[in-house]
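Structure record follows, encoded as structure tokens.
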Amino acid sequence: MAVDKISHHYVTVNGVKLHYVRQGAGEPLLLIHGWPGFWYEWHLNIGPLAQHYDVIVPDMRGYAYSDKPDLAPEAGYTDTAFAEDIKAFCDFYHFDKVRIVTHDFGAVWMQRFARLYPERLHKLMLFDPPYPGIGGRGDEMPQGFNTWYQIFHQQPWAEDLVGSSKQATEIYLRHFLSAWSANKDLWTDAEIAAYVEAYSQPGALRGGFNCYRAALRGGAFAGADKKIETHTRVLWGDSDSILPFAWSDKLGDFFANFDLKKIEGVGHFMMREAPERVNAEILEFMAG
């Protein structure tokens, strides 16, 4: 699908203007990005999925072409804040129930949505999700060498350093997109340029970093003592270096009705690394 044919829209919910793209017709299917992401991370999925669903792909608050509220991270960038934006979005368009596919930070936010509003979810699909069962394993060595950026993002000058030039922004984003993929040469220059442009929008780096600041200040996994009841499928790449497949071992402690599938040969960005297989997995699970 040519991305220049996608329909772009804006809507204001909870006082925040959200940019989103939309394609297709029928029942709504929401694709929610993580970090470093925005709507474009799904550009190889929207067209095929839009043949079956009304596919809606927002830039979440703080990201890319949506508003970046000037709020303290622990007030405006918690998993609850993002969950409430999706709830308000669904209310605005009178979506009684939706299907959601998400990964990375999006999976954190949508776990909160699933706990707050289970009646609004038909099915939930998570890719390589951060979840409470991972615990402190990300801080243990040698994995700590891979998670250094989470501490870096706490620094108040982090966005100034990464955003000091487009070249600096490109170096930073290219590192994560490449390092977290199984194929280090996967991303094209044109794709990288789209990410750099999105994260060069005023406040976009800060918005993304604020999610990490909120998480480390207790703004993630609220209500995790309650298991998610929504039927959930978890796809986990066997080559994800930042969220290793072995960390899926505690999913049963937090999801009451789930199944887990290992996806071979992909890392953290499976929607880009194996789009045909991922699209087929989404359609098979979401049917019915």
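The values are calculated or read from the model by the stated rules, or taken from the named source; none is laboratory data. Keep in mind it's a predicted model, so treat the numbers as computed, not measured. Every residue, glycine among them, receives a Cβ derived from its backbone with ideal geometry; neighbour counts consider all protein chains shown. All accessible areas refer to the heavy atoms of the entire protein, side chains included, with ligands and DNA or RNA removed. Shrake-Rupley method; radii C 1.70, N 1.55, O 1.52, S 1.80 Å.
Based on the Cβ-Cβ distance from Q154 to K227, what FRET efficiency comes out when R0 is 30 Å, to the nearest 0.05? It comes to 0.50.
Computed extension gain for D185 through L260, at 0.36 nm per residue and net of the alpha carbon distance, reaches 24.2 nm. Counting helices only, and only those DSSP H runs with n ≥ 4, report the 222 nm mean residue ellipticity of the chain as the sum of -39,500 (n - 2.57) divided by its residues, in deg cm²/dmol to the nearest 500. Calculated at 222 nm, the ellipticity per residue is -9500 deg cm²/dmol.
Measuring between their Cα centroids, the stretch 1-55 and the stretch 213-254 lie 24 Å from each other. Projected label points at D253 and N146, each 7 Å from Cα along the beta carbon direction, are separated by 2.0 nanometres.
The residues of the stretch 31-150 present an accessible area of 31 Å² per residue when probed at 1.4 Å with all protein chains retained.
Between L186 and any residue 5 or more places off or on another chain, the built amide H atoms are never under 5 Å apart. Remark: the D70-D139 segment gains 21.9 nm on full extension, using 0.36 nm per residue and subtracting the alpha carbon distance. Ligands, DNA and RNA left out, the 1.4 Å accessible surface of the chain is 53% carbon and sulfur atoms.
Using the scaling law 2.2 N^0.38 Å as the reference, what is the normalised Cα Rg of the stretch 196-265?
1.44
For the chain, the direction-averaged projected area of the alpha-carbon convex hull comes to 13.4 nm².
Cβ-Cβ distance of K97 and A168, R₀ of 35 Å, FRET efficiency by 1/(1 + (r/R0)^6): the value works out to about 0.20.
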